[in-house]
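These notes concern the structure reproduced below.
Coordinate-derived values only; no laboratory data. Everything numeric here is computed off the predicted structure, so don't read it as measured data. In this analysis, Cβ positions are derived from the backbone assuming ideal geometry, glycine residues included, and neighbour counts consider all displayed protein chains.
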Amino acid sequence: ASLLHFHPYGIWDDDTTLEFFAPRNEAHVSHSLVNLQRSEKSIKVPVRRLNSVMQQLGHRKIDLLKLDIEGAEYQVINAILKDHIEIDMMCVEYDESAANHLDGKYLLRIEGSLRALLDSGFRVVAKEPDCHNYTLVHTRCL
């Protein structure tokens with residue numbers, strides 16, 4: 001039996017249904033809750049708070065969480081920290097960049113999100129050059 005299971009919902013800061021916007025380039029597949037690419041096409045998708053998913057599945061902690069969620073990372077990280085979810089390691093891609101951002105304050109948002117993670121006990125152990133991809137490990141694991 002496979003140890004990998006797919007569930008038909010996205011992760012957000014609430015249990016609801018939201019509009020995901022399609023990428024402008026149809027060859028790309030990543031839809032965005034925050035409409036980073038300012039697309040007009042969208043689909044409705046159920047989303048769940050990570051804490052709700054963990055309760056449903058009977059999980060008490062997460063060993064590794066990878067967030068590449070097209071601009072929704074700020075809200076999801078805030079919910080994770082508010083819910084005090086125990087995560088050992090996180091790989092976070094902050095999707096806003098100089099070429100693709102909601103407004104000119106994207107670097108402040110990234111810095112604020114990283115500061116909140118650091119204040120919660122995470123440490124940056126790797127950063128990909130020329131982009132905003134971070135690997136963080138909680139200090140209890142170091």
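Here's the list of lysines a cross-link from Lys127 could span, going by alpha-carbon distance under 18 Å and ignoring same-chain residues fewer than 8 apart: Lys66. When the charge dipole of the range 5-107 is built from unit charges on Cβ atoms (+1 for Lys and Arg, -1 for Asp and Glu) and taken about the Cα centre, the candidate among Met90, Asn78, Asn51 whose Cα reaches farthest toward its positive end is Asn51.
Within the chain, the longest run free of exposed loop sites, counting trypsin sites (Lys or Arg not before Pro) that sit outside DSSP helix and strand states (H, G, I, E, B) and have at most 13 other Cβ atoms within 10 Å, spans 61-104.
Counting only DSSP beta bridges with both residues in the chain, the antiparallel share comes to about 65 percent. Under the combined filter of DSSP loop state and at most 15 neighbouring Cβ atoms within 10 Å, the range 1-106 retains these GluC sites (Glu not before Pro): Glu26, Glu40.
Entry note, the chain: the mean residue ellipticity at 222 nm calculated from DSSP H runs of n ≥ 4, each adding -39500 (n - 2.57), is -7000 deg cm²/dmol after division by the residues and rounding to the nearest 500. Applying the Karplus relation 6.51 cos²θ - 1.76 cosθ + 1.60 with θ = phi - 60° to the range 70-85 yields 3J(HN,Hα) values of 6, x, 8, 4, 4, 5, 5, 4, 4, 5, 4, 5, 5, 7, 6, 6 Hz, where x marks Gly and Pro.
Ranking Leu4, Leu18 by Cβ neighbours within 10 Å, fewest first, what do you get? If I rank by nearby Cβ atoms, fewest first, I get Leu4, Leu18. Rounded to the nearest 20, the size of the Cβ-charge dipole of the chain about its Cα centre is 260 debye, with Lys and Arg at +1 and Asp and Glu at -1.
Could you give the Stokes-Einstein D for the range 76-142 in µm² per second, using the C-alpha Kirkwood radius, 37 °C, 0.692 mPa s? Once the numbers are plugged in, D ends up at 261 µm²/s.
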